[in-house]
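Visitor: Sharing a structure below in structure tokens format, with a few things to ask.
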Amino acid sequence: MLALQPRFKSFDEYLAYEDDTEQLYELFNGELIAVPTESGLNFQIATFLLLKFAEIVGYRQVRGHGLELEVHGEPKNRFPDLTIIREEHIAQLAKRNTIRLSMLPPLLVVEVVSPGELQRERDYIAKRQQYQACSIPEYWIVNPQTQTVLVLELVSDCYQEVGNFKETMAIQSPTFPQLALTVNEIFKNL
């Protein structure tokens with residue numbers, strides 16, 4: 001017998017859905033789209049950055065790929081590779097690891113670009129627009145193919161480029177100026 005995919009009329013309806021699996025889904029036009037598992041390379045880069053940021057803000061404010069962000073547009077949600085949340089989010093996320101549009105945005109979102117033109121466009125264009133619309137103060141695009149880190153800062157509701165960092169350049173984070181990290185450190189053990 002063919003199982004029917006559920007259709008959702010609202011994000012709240014989607015949040016109430018349980019399929020008793022660990023599968024992550026993006027909600028696109030009311031339908032569930034399975035989020036593919038991350039590559040080992042992307043996971044390794046995100047974990048390295050998670051450890052670096054945990055040294056600055058503490059482990060409770062650093063979330064990996066499982067954090068869900070409700071966003072404007074389609075899909076209605078994203079699962080960033082790394083998110084730095086606010087102190088107040090810790091209690092709000094205790095039941096479900098989802099930041100709603102009604103909540104304050106996280107401090108920083110990091111996406112690690114997967115190979116392929118479609119994935120590149122998602123991180124550089126679609127997600128950039130969605131995170132900007134959510135007023136996320138800082139967005140990083142880490143690209144293993146070019147070994148660069150693009151840092152964007154929200155200025156007057158629009159992302160402005162802080163820098164496109166490479167090689168021995170120190171990454172400049174407007175939100176976390178105490179971060180001491182070069183691009184080569186991210187990519188040296190890959």
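The values are calculated or read from the model by the stated rules, or taken from the named source; none is laboratory data. Just so you know, these numbers come straight off a predicted model, no measurement behind them. Cβ sites come from the backbone with ideal geometry, for glycine too, and all protein chains shown count toward neighbours. Side chains are part of the model used for accessible areas, which takes the heavy atoms of the whole protein and leaves out ligands, DNA and RNA. Shrake-Rupley method; radii C 1.70, N 1.55, O 1.52, S 1.80 Å.
Visitor: Per residue, how many Å² of accessible area does the range 1-139 show with a 1.4 Å probe?
Guide: Counting only protein heavy atoms, the per-residue value for the range 1-139 is 55 Å².
Visitor: To continue, here is another question. Please sort by residue number the GluC sites (Glu not before Pro) in the range 1-91 whose DSSP state is loop and whose Cβ has at most 11 other Cβ atoms within 10 Å.
Guide: Filter output for the range 1-91: 18, 22, 87, 88.
Visitor: A further question follows. Would you work out the charge dipole size for the chain about its Cα centre, treating the Cβ of every Lys and Arg as +1 and the Cβ of every Asp and Glu as -1, and quote it to the nearest 20 debye?
Guide: Dipole magnitude for the chain comes out near 200 debye.
Visitor: Also, quick follow-up: Using a 1.4 Å probe on the protein heavy atoms, what percent of the accessible area of the chain belongs to carbon and sulfur?
Guide: Using a 1.4 Å probe with all protein chains present, the chain comes out at 52 percent carbon and sulfur.
Visitor: What is the helix-to-structure angle for 40-57, meaning the angle in degrees between its Cα long axis and the longest Cα principal axis of the chain, kept from 0 to 90 and rounded to the nearest 10?
Guide: For 40-57 against the chain, the angle is about 70 degrees.
Visitor: Which order do you get for 41, 118 if you rank them by accessible area with a 1.4 Å probe, largest at the top?
Guide: Largest accessible area first, the residues go 118, 41.
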